[in-house]
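Chemist: There's a structure below that I have some questions on.
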Amino acid sequence: MTYEISGSKAVITGTSGQYGNVKKGTEYGKNAASNHIGYIKDFEMKSKPINPDVFTKGHSVQEMADEIQAKLKEDKMPPVDFLLQYAPKMGAVKGFFSRLFKGNAIDTKALLGFTQEAMGGNKAITLETADKDLKIAFDDVTNAKLSTKAFDVNNDGMIDITEEAVSTVLADVLSKEDADISKVSKALKKADGSYTNAGENKMMAFCNEENYDAASKTIKKIHKKMKLDKAQKAL
């Protein structure tokens, strides 16, 4: 299993996985993304469907209930709530100085490693491809018109790993209590390299075409303040 279950929550990290046992850096992020993909795949129905013959007049209510319980047990569905540590959490002292000098406590190499692995190993994809993937993932849970174009910081018709990484940072910030993304510098100090399903859901507002103008401004500010282009060149 690519994650641990703590109470009613799945906890996903990058300390081990496809890229070995690691503590930081690009491989940590790649492990985290790969493990997250494994978590998502566990929602797929891998076992045989419920036997329809049980739901006839010839069977009792108890037999019907037993069939449903057996199916649920067999599927071993993971918790819906998750905590994803896409970059290693810094200790109190290191985190303090990182926030003081960098304005955030995120291992940028891990962030970009996570993003590239989540993008299938690609360093950039077209807006058309990004929008198609977005709609496949979220069209069934929202009526909003979705697009990733607000994340196209340099307006070249592509989403590269530095631009996609901003969506992860947004999910991180929005996972924290009392997050106020209108004040970007202050909001980034709350980021700690992790996000929850709740934060991910809130981040989707930045993909709503109706929010394009405001979303684009915030995304560009985060991209610039985190110096993500410079970080990519250092990989």
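The values are calculated or read from the model by the stated rules, or taken from the named source; none is laboratory data. All figures in this text were calculated on a predicted structure; none of them were measured in a lab. Ideal geometry is used to build each Cβ from the backbone, glycine not excepted, and the neighbour counts take in all protein chains shown.
Chemist: Is it the case that A179 is part of a loop (DSSP other than H, G, I, E, B), at pLDDT below 95 and surrounded by fewer than 16 Cβ atoms within 10 Å (Cβ to Cβ)? Break it down stepwise before answering.
Modeler: Details: part of a loop (DSSP other than H, G, I, E, B): yes; at pLDDT below 95: yes; surrounded by fewer than 16 Cβ atoms within 10 Å (Cβ to Cβ): no.
No; evaluated as a whole, the condition is false for this residue.
Chemist: Just one of G95, G38, G20, G29 is closer than 21 Å to G113 by Cα, outside any helix (DSSP H, G or I) and at pLDDT 90 or above; which is it?
Modeler: Working: G95 fails: outside any helix (DSSP H, G or I); G38 fails: outside any helix (DSSP H, G or I); G29 fails: outside any helix (DSSP H, G or I).
Exactly one residue qualifies, and that residue is G20.
Chemist: Give me a count of the residues in region 193-231 that are in contact with a strand residue (DSSP E or B) (Cβ under 7 Å, 6 or more places away or on another chain), surrounded by fewer than 20 Cβ atoms within 10 Å (Cβ to Cβ) and among the hydroxyl-bearing types (S, T, Y).
Modeler: Summing the residues that are in contact with a strand residue (DSSP E or B) (Cβ under 7 Å, 6 or more places away or on another chain), surrounded by fewer than 20 Cβ atoms within 10 Å (Cβ to Cβ) and among the hydroxyl-bearing types (S, T, Y) in region 193-231 gives 1.
Chemist: Right, next: Please work out which residue is farthest from the chain's Cα centre (by Cα), limiting yourself to region 193-216 and to residues that are of a type in the set (G, A, S) and in a helix (DSSP H, G or I).
Modeler: First pass over region 193-216, keeping only residues of a type in the set (G, A, S): 193-194, 198-199, 205, 214-216.
Then keep just the ones that are in a helix (DSSP H, G or I); that gives 198-199, 205, 214-216.
Working: A198: 10, G199: 9, A205: 14, A214: 22, A215: 18, S216: 19 Å.
Out of the qualifying residues, it is A214.
Chemist: Here's a follow-up. Do we find that I159 is more than 14 Å from the chain's Cα centre (by Cα), within 27 Å of D81 (Cβ to Cβ) and buried (at least 19 other Cβ atoms within 10 Å of the Cβ) in this structure?
Modeler: On the way: more than 14 Å from the chain's Cα centre (by Cα): yes; within 27 Å of D81 (Cβ to Cβ): no; buried (at least 19 other Cβ atoms within 10 Å of the Cβ): yes.
No: the conditions fail for I159.
Chemist: Further question on the same structure: Looking at D133, D140 in this structure, which one is assigned to a loop (DSSP other than H, G, I, E, B) and modelled with pLDDT under 95?
Modeler: Numbers: D133 fails: assigned to a loop (DSSP other than H, G, I, E, B).
From the options D133, D140, the qualifying one is D140.
Chemist: Can you confirm whether region 52-70 contains a residue that is modelled with pLDDT of 80 or more, surrounded by 15 or more Cβ atoms within 10 Å (Cβ to Cβ) and farther than 15 Å from Y195 by Cβ?
Modeler: Taking region 52-70 as the starting set, the residues that turn out to be modelled with pLDDT of 80 or more are none.
The answer is no, given that none of the residues of region 52-70 is modelled with pLDDT of 80 or more, surrounded by 15 or more Cβ atoms within 10 Å (Cβ to Cβ) and farther than 15 Å from Y195 by Cβ.
Chemist: Kindly list the number of the only condition in (1) assigned to a helix (DSSP H, G or I); (2) in contact with a helix residue (DSSP H, G or I) (Cβ under 8 Å, 6 or more places away or on another chain); (3) surrounded by fewer than 22 Cβ atoms within 10 Å (Cβ to Cβ); (4) of a type in the set (A, V, I, L, M, F, W, C) that fails for V169.
Modeler: With (1) assigned to a helix (DSSP H, G or I); (2) in contact with a helix residue (DSSP H, G or I) (Cβ under 8 Å, 6 or more places away or on another chain); (3) surrounded by fewer than 22 Cβ atoms within 10 Å (Cβ to Cβ); (4) of a type in the set (A, V, I, L, M, F, W, C) applied to V169, the lone miss is (3).
Chemist: May I ask you to say which residue of E128, E177 is free of Cβ contacts under 8 Å to residues at least 12 places away in the same chain and within 23 Å of G91 (Cβ to Cβ)? It would help to see each step written out before you state the result.
Modeler: On the way: E128 fails: within 23 Å of G91 (Cβ to Cβ).
Just a single option satisfies the conditions, and that option is E177.
Chemist: Scan region 217-233 and give yes if some residue there is assigned to a loop (DSSP other than H, G, I, E, B), more than 17 Å from the chain's Cα centre (by Cα), farther than 25 Å from D131 by Cα and among the hydrophobic types (A, V, I, L, M, F, W, C), otherwise no.
Modeler: Among the residues of region 217-233, not one is assigned to a loop (DSSP other than H, G, I, E, B), more than 17 Å from the chain's Cα centre (by Cα), farther than 25 Å from D131 by Cα and among the hydrophobic types (A, V, I, L, M, F, W, C), which makes the answer no.
Chemist: If you don't mind, another one. If we keep just the residues of region 2-15 that are modelled with pLDDT of 95 or more and either among the basic types (K, R) or in contact with a helix residue (DSSP H, G or I) (Cβ under 8 Å, 6 or more places away or on another chain) (or both), which is nearest to K233 (Cα to Cα)? Reasoning before the result, please.
Modeler: Of all residues in region 2-15, those modelled with pLDDT of 95 or more come to 11-15.
Retained after the next criterion (residues that are either among the basic types (K, R) or in contact with a helix residue (DSSP H, G or I) (Cβ under 8 Å, 6 or more places away or on another chain) (or both)): 12-15.
Details: I12: 28, T13: 25, G14: 22, T15: 24 Å.
It comes out as G14.
Chemist: Here's another thing I want to ask about it. Out of (1) surrounded by 15 or more Cβ atoms within 10 Å (Cβ to Cβ); (2) over 29 Å from A187 (Cα atoms); (3) modelled with pLDDT of 90 or more, what's the single condition that is false for P78?
Modeler: (3)
Chemist: Read through the list (1) among the basic types (K, R); (2) under 24 Å from L100 (Cβ atoms); (3) surrounded by fewer than 18 Cβ atoms within 10 Å (Cβ to Cβ); (4) touching a helix residue (DSSP H, G or I) at 6+ places or on another chain (Cβ under 7 Å), then give the number of the only condition that K190 fails.
Modeler: (3)
Chemist: Next question, about the same structure. Given (1) exposed (fewer than 15 other Cβ atoms within 10 Å of the Cβ); (2) at pLDDT 95 or above, identify the lone condition not met by G120.
Modeler: Result: G120 fails condition (2) only.
Chemist: Check whether at least one residue in region 157-164 is part of a strand (DSSP E or B), of a type outside the set (D, E) and touching a residue at least 60 places away in the same chain (Cβ under 8 Å), and report yes or no. So that I can check it myself, show each step before the final result.
Modeler: Applying the first criterion (part of a strand (DSSP E or B)) to region 157-164 yields 158-160.
Checking the rest, the ones that are also of a type outside the set (D, E) come to 158-159.
Filter once more, so that each one left must be touching a residue at least 60 places away in the same chain (Cβ under 8 Å): none.
No.
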